[in-house]
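Some notes on the structure that comes next.
The values are calculated or read from the model by the stated rules, or taken from the named source; none is laboratory data. Because the structure is predicted, anything quoted here is derived from the model rather than measured. Counting neighbours? That spans all protein chains shown, and the Cβs are built from the backbone with ideal geometry, glycine included. Heavy atoms of the whole protein, side chains included, go into the accessibility calculation; ligands, DNA and RNA do not. Shrake-Rupley method; radii C 1.70, N 1.55, O 1.52, S 1.80 Å.
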Amino acid sequence: STLNMSTVSGQVLGASTKCVDLPLDFHRGNQSPSTKKLQDFLIKKGYMEGEVTGFYGDSTVAAVKDYQKGKGLPQTGMMYEFTRSTLKKETCQ
């Protein structure tokens, strides 16, 4: 079996998402590389449809709320400390 060859520390290679470490709080209206990184994560995880635009609009707010709901966090739709740290913990193992 080649399965053992394709796993590293419990993660299948290629299946993990890049580390999403967002250094600052941000929310609706933001336009930045951090928003692009967040949108890329949300799309890959199935929380958001469409393309990475870098603009934190309604679809990003809705996707963040879905992510927060799935993680048992307050559903604000904004990227503040509790959501940023959860996202970092999930993706930067």
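A few points about this structure:
- Residue that is farthest from His27 (Cα to Cα), among those in the stretch 64-93 that are open to solvent by less than 80 Å² (accessible area, probe 1.4 Å) and polar (S, T, N, Q): Thr91
- Inspection of the stretch 58-77 identifies at least one residue that is under 19 Å from Asp21 (Cβ atoms), in a loop (DSSP other than H, G, I, E, B) and out of contact with any Lys or Arg (no Cβ under 7 Å at 6 or more places or on another chain).
- Check on Phe41, in contact with a strand residue (DSSP E or B) (Cβ under 6 Å, 6 or more places away or on another chain) and either at pLDDT below 95 or of a type in the set (A, V, I, L, M, F, W, C) (or both): no
- Scanning the stretch 29-57 for residues that are open to solvent by 100 Å² or more (accessible area, probe 1.4 Å) and either over 20 Å from Lys71 (Cα atoms) or not in a loop (DSSP other than H, G, I, E, B) (or both) gives Gln31, Pro33, Lys36, Lys44, Glu51.
- Screening Val61 with (1) among the aliphatic types (A, V, I, L, M); (2) open to solvent by less than 40 Å² (accessible area, probe 1.4 Å); (3) within 11 Å of the chain's Cα centre (by Cα) gives one miss only, at (3).
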